[in-house]
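The values are calculated or read from the model by the stated rules, or taken from the named source; none is laboratory data. Bear in mind the structure is a predicted one, so any value in this text is a computation, not a measurement. Counting neighbours? That spans all protein chains shown, and the Cβs are built from the backbone with ideal geometry, glycine included. Calculation scope for accessible area: heavy atoms of the full protein, side chains included, ligands and nucleic acids excluded. Shrake-Rupley method; radii C 1.70, N 1.55, O 1.52, S 1.80 Å.
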Amino acid sequence: MSGRRKTAVLTEKTMEALIRLCGVSAVVFVFGIFFFVFREGYDLLPRLDYREFFTSIEWYPTSQNRVRYGILALLAGTFSVTVLAMLLAVPFGLGAAIYVSEFCPPKRRETLKVIIELLAAIPSVVWGFIGLTVMNPLIIYLFRVPIGLNVLNGGIILALMSVPIIVSIAEDALKAVPDTYREAALALGATRWQTVYRVLLPAARNGLLAAVLLGVGRAIGETMAVLMATGHAVHIPTSVFDSVRTLTATVAAEMGEAPVHSDHYKVLFVIGILLFTLTFLVNLIADLTVRGIRNK
Amino acid sequence: MSQERTPCIETADLNLWYGSFPALKKVGLQIAAGQITALIGPSGCGKTTLLRCFNRGNERFGNVSTTGEIRILGKNIYDPDVSLIELRKSVGMVFQRPNPLPLSVFDNVVFGLQIHNRRRDLSRSRQEEAVESALRDVFLWEDLKDRLHTRATALQLEQQQKLCIARLLPLKPEIILMDEPCSALDARGTRAIEDLMYSLAGRYTIVIVTHNMAQARRVSQECLFMLLGELVEHSPTRELFLNPRNPKTAEYIEGRYG
Ligand SMILES: Nc1ncnc2c1ncn2[C@@H]1O[C@H](COP(=O)(O)OP(=O)(O)OP(=O)(O)O)[C@@H](O)[C@H]1O
Ligand SMILES: [Mg+2]
């Protein structure tokens, strides 16, 4: 009898320890990743010419006579693709969330949610493949431009990738608005659309903002798809039909060829630190706004 | 008592199903204008459902089917030329839990006006007048006149419920439906809402659902007793409580008194 109780207590304790370990490991991993990225790049940090780094468009990491690490064009690439992706994904994502949560009959809602989740599960290399083999010829054909691997292509692909995140978080935010608000507005004779934009959107504001920010985070951090879809030209784009190269694509493409512990290798890690900081900030802001709703 | 009043709400052979579950069965009733009518019955008998029929509030739920006739002020509300929006303007509803919108006190009161008028037809001064008059009617003006721009959801429950009544008034409703309006309030709040109902009766036709027999006796002139989706008895309140015609009514009100 008491032997059995002892085992029970022991199992309980072990389970508790295991679960705690899982929780703690998440923190350990995040710090671990940051530590390793930082360690690989840090001894370049004091030697780096930051003016050149941030303001020059000249990215010649392997030049024979003078290497130049200017990431302005890469920043512009990331920025242009992300902005275009958000211009497409935010209206579509929020619109879809509003439709799914407020207008759609319950049965269709379930189907749509499954499909949207499916969309979120497509691996990014498959998206890149679509960019390469479907979007590329389509853009060439539709817009009569010489090359279809450009900002437009990358932006559309990234938009498709961020929409599911935006939809599912925005839909949660709308669903969290108490039903009594809808009841009240409808009973006063408001139409469903009036209820949405006068009551629900303001009430769910923070959650919707968080949805958008997490979508942005996804777009900034994405590598494989943009690597394949944006055409790989280090260049500040002047139109959506220009090819660009993003920060992430640069790291992915050059990491393999840069000799370990060379300056080139280290500067790629510095870019990693920059990206880490960017996405961390975006996620932090998103998280704080989500917390803002919960506390209300 | 015997004076003939025009019925304000009239139903004939009203049936309602949630899916295949019959929630209302052959309900036929006439509710007089300008009076307070109480609707009583055990939990789940269909009181809320019946109330929501009068402003077609059941249509939000996807699986509802209704047959029969509902006339409000002599007009069948399922006629194709009836606008749902106009119907809901003239039939206001107050809910069990006070549900002011997450806006300021002021914006709650003018919400109805704002959604039913174009912005340029709605001057600031007209809105201010509407707010003052509605809040005076529900005895909130003195308390809230300096706090019109605080969030309505931060008020006390009693004030919230009064505000929920006040926001109906600028739309000049004929009928106010109240679904257990005091069940979230304490004794003092209940008293206050009842006083408010007396003062609104006459100008508006009020239908109130309540679980509180004493409240039904205090506030209403007529009383409807429902059981399992059926209307069992409809009598003047005094009669229903002193001499119920139907034994089931007697059982219910006695059971309640212990
Ligand atoms: N939206 C709905 N979908 C399905 N069934 C419902 C719905 N609303 C109510 N019902 C069912 O219809 C019946 C009547 O419900 P209703 O809410 O009208 O009762 P009620 O008399 O107001 O009860 P209570 O006193 O508890 O408020 C109940 O059996 C309830 O379960
Ligand atoms: Mg009810």
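Couple of notes before you dig in:
- In this structure, A:Ala176 qualifies as within 14 Å of chain B (Cβ to nearest Cβ), in contact with a helix residue (DSSP H, G or I) (Cβ under 7 Å, 6 or more places away or on another chain) and open to solvent by 40 Å² or more (accessible area, probe 1.4 Å).
- Hey, A:Arg68 without any contact (Cβ under 8 Å) to a residue 60 or more places away in the chain, basic (Lys, Arg) and surrounded by 15 or more Cβ atoms within 10 Å (Cβ to Cβ) or not: no
- Residue in the range B:43-54 that is in contact with an Asp or Glu (Cβ under 7 Å, 6 or more places away or on another chain), at pLDDT 90 or above and either of a type outside the set (Ser, Thr, Tyr) or within 16 Å of ligand 2 (Cβ to nearest atom) (or both) present: yes
- When residues in the range B:72-96 are screened for being open to solvent by 50 Å² or more (accessible area, probe 1.4 Å) and within 16 Å of the chain's Cα centre (by Cα), 2 of them pass.
- Residues (within 13 Å of ligand 1 (Cβ to nearest atom) and either part of a loop (DSSP other than H, G, I, E, B) or modelled with pLDDT under 90 (or both)) located in the range B:204-235: B:Thr210, B:His211, B:Asn212, B:Leu228, B:Gly229
- The single residue among B:Gly34, B:Gly28 that is part of a loop (DSSP other than H, G, I, E, B), touching a strand residue (DSSP E or B) at 6+ places or on another chain (Cβ under 7 Å) and more than 16 Å from ligand 2 (Cβ to nearest atom) turns out to be B:Gly34.
- Index of the failed condition, B:Asn243 passing every other in (1) more than 16 Å from ligand 1 (Cβ to nearest atom); (2) open to solvent by less than 10 Å² (accessible area, probe 1.4 Å); (3) of a type outside the set (Lys, Arg): (2)
- Odd one out for B:Ala184 among (1) in a helix (DSSP H, G or I); (2) surrounded by fewer than 24 Cβ atoms within 10 Å (Cβ to Cβ); (3) within 16 Å of ligand 2 (Cβ to nearest atom): (1)
- Residues in the range A:186-198 that are more than 7 Å from every other protein chain (Cβ to nearest Cβ) and open to solvent by less than 30 Å² (accessible area, probe 1.4 Å): A:Thr195, A:Val196.
- Flag for B:Ile193 being β-branched (Val, Ile, Thr), under 22 Å from B:Val131 (Cα atoms) and away from every other protein chain (no Cβ under 13 Å): yes
- Residue pairs meeting the criteria (Cβ under 9 Å; at least 6 apart or on separate chains; first farther than 16 Å from B:Met178 by Cβ, in the range B:46-61; second assigned to a helix (DSSP H, G or I) and more than 14 Å from ligand 2 (Cβ to nearest atom)): B:Arg56/B:Leu84; B:Arg56/B:Leu87; B:Arg56/B:Arg88; B:Glu59/B:Leu84; B:Arg60/A:Arg182; B:Arg60/A:Leu186
- Within the range B:55-71, the residues that satisfy the criterion of being away from ligand 2 (no atom under 16 Å from the Cβ), surrounded by 15 or more Cβ atoms within 10 Å (Cβ to Cβ) and among the β-branched types (Val, Ile, Thr) are B:Thr66, B:Ile70.
- With respect to the stated conditions, B:Leu177 is within 16 Å of ligand 2 (Cβ to nearest atom) and open to solvent by less than 70 Å² (accessible area, probe 1.4 Å).
- Qualifying residue in the range B:97-111 (condition: more than 14 Å from chain A (Cβ to nearest Cβ), surrounded by fewer than 15 Cβ atoms within 10 Å (Cβ to Cβ), free of Cβ contacts under 8 Å to residues at least 60 places away in the same chain and more than 30 Å from B:Lys47 (Cβ to Cβ)): no
- Restricting the range A:251-286 to residues that are open to solvent by less than 60 Å² (accessible area, probe 1.4 Å) and in contact with a His (Cβ under 9 Å, 6 or more places away or on another chain) leaves a set whose member that is farthest from A:Leu45 (Cα to Cα) is A:Ala253.
- Test: residue in the range B:33-51 that is touching a helix residue (DSSP H, G or I) at 6+ places or on another chain (Cβ under 6 Å), within 14 Å of chain A (Cβ to nearest Cβ) and away from ligand 1 (no atom under 16 Å from the Cβ): no
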